[in-house]
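Asker: This is the structure I have questions about; it appears just below.
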Amino acid sequence: MSEHRPRGLHGQTVETLAARILSDEWGEGTVLDLPALREELDISLTALREALKVLAAKGMIDARQKRGTFVQPREQWNMLDTDVMRWQTAASDNPGLLDELTEVRTVVEPAAARIAAERADSADLDALRAALDDMTTAGDDPEASVRADLTFHRALMTATHNNFLLQVERVIAIGLAERDKLVHGSGPSDNPVPSHRKVLDAILARDPGAAESAMFALVTKSRDDLDKAKKSRR
């Protein structure tokens, strides 16, 4: 997965402000001194306010009369926003984040596999086969393995033909990429192909129940692999 690079002054300003919040340099309730911040970043007040609007839309900050602009508690953040997920995984200050992501996957992906077994068309099946082939040929190449894994899960969500699930997939993919990097970077890991093949075989067989069970087993194994990887890094 390629590294995200913000474009232009606006994007860079948003990234800078978000990084300060994620690092707890600006903790919950911190009131921002906009004139001082504008001077420090050497940007116009208009440009600063535009960047703050982006963070406000994501629930990370708010502004009120007499109080000013302040940092919101995390429970107010839009956790399904792809930027928010990306910033959190990059900050690496929340060890439970990937565990929470796994819980979401446990709820969403088995159901998605069930739906895919019912709705996947020929193009969807070809995409899933191609992703599994890439996973097979990736071998011990961590980057190739991560790309193939993400492609398979994206193809699975696409096969549901449910636009809401596609939106959820975008968030899951960011955390899944970080999970894959951690697991593959902690040493030799189990071959992921058999568990993914069981999911594909069930979808090809148009067996919703088997597809759901196979995906549940896959996510459970993913959780176990993540636990092992975290322990090996301690």
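The values are calculated or read from the model by the stated rules, or taken from the named source; none is laboratory data. Predicted, not measured: the structure shown is a model, and the values here were computed from it. Here Cβ is always computed from backbone atoms with ideal geometry, including for glycine, and neighbour counts include all displayed protein chains. Ligands, DNA and RNA are stripped out before the accessible areas are found, and what is left, the full protein with its side chains, is counted by its heavy atoms. Shrake-Rupley method; radii C 1.70, N 1.55, O 1.52, S 1.80 Å.
Asker: Here are some residues: D224, D190. Which one is surrounded by fewer than 16 Cβ atoms within 10 Å (Cβ to Cβ), of a type in the set (D, E) and free of Cβ contacts under 8 Å to residues at least 24 places away in the same chain?
Answerer: Just a single option satisfies the conditions, and that option is D224.
Asker: Regarding L150, is this residue part of a helix (DSSP H, G or I), open to solvent by less than 20 Å² (accessible area, probe 1.4 Å), within 24 Å of K230 (Cα to Cα) and out of contact with any strand residue (DSSP E or B) (no Cβ under 6 Å at 6 or more places or on another chain)?
Answerer: Spelling it out, L150 is indeed part of a helix (DSSP H, G or I), open to solvent by less than 20 Å² (accessible area, probe 1.4 Å), within 24 Å of K230 (Cα to Cα) and out of contact with any strand residue (DSSP E or B) (no Cβ under 6 Å at 6 or more places or on another chain).
Asker: Out of the residues in the stretch 70-99 that are open to solvent by 50 Å² or more (accessible area, probe 1.4 Å) and within 11 Å of the chain's Cα centre (by Cα), state the one that is farthest from L17 (Cα to Cα).
Answerer: Among those residues, the one meeting the criterion is L80.
Asker: Go through the stretch 18-46 and report how many residues are of a type in the set (A, V, I, L, M, F, W, C), surrounded by 15 or more Cβ atoms within 10 Å (Cβ to Cβ) and without any contact (Cβ under 8 Å) to a residue 40 or more places away in the chain.
Answerer: Residues in the stretch 18-46 being of a type in the set (A, V, I, L, M, F, W, C), surrounded by 15 or more Cβ atoms within 10 Å (Cβ to Cβ) and without any contact (Cβ under 8 Å) to a residue 40 or more places away in the chain: 5 in total.
Asker: Sticking with this structure for a sec: So, in the stretch 78-102, exactly how many residues are of a type in the set (D, E) and either more than 17 Å from V183 (Cα to Cα) or modelled with pLDDT under 85 (or both)?
Answerer: Summing the residues that are of a type in the set (D, E) and either more than 17 Å from V183 (Cα to Cα) or modelled with pLDDT under 85 (or both) in the stretch 78-102 gives 3.
Asker: Given the criteria more than 13 Å from the chain's Cα centre (by Cα) and either farther than 25 Å from V84 by Cβ or at pLDDT below 95 (or both), does A148 qualify?
Answerer: Here the answer is yes, as A148 does meet what is asked.
Asker: When residues of the stretch 109-129 are filtered for being in a helix (DSSP H, G or I) and open to solvent by 50 Å² or more (accessible area, probe 1.4 Å), how many remain?
Answerer: 7
Asker: State which residue pairs qualify: first residue among the acidic types (D, E) and inside the stretch 104-124, second residue assigned to a helix (DSSP H, G or I) and open to solvent by less than 50 Å² (accessible area, probe 1.4 Å) in any location, beta carbons under 6 Å apart, and separation of 6 or more residues or different chains.
Answerer: Pairs that qualify, where the first residue is among the acidic types (D, E) and the partner is assigned to a helix (DSSP H, G or I) and open to solvent by less than 50 Å² (accessible area, probe 1.4 Å), are E109/M215; E109/V219; E118/P208.
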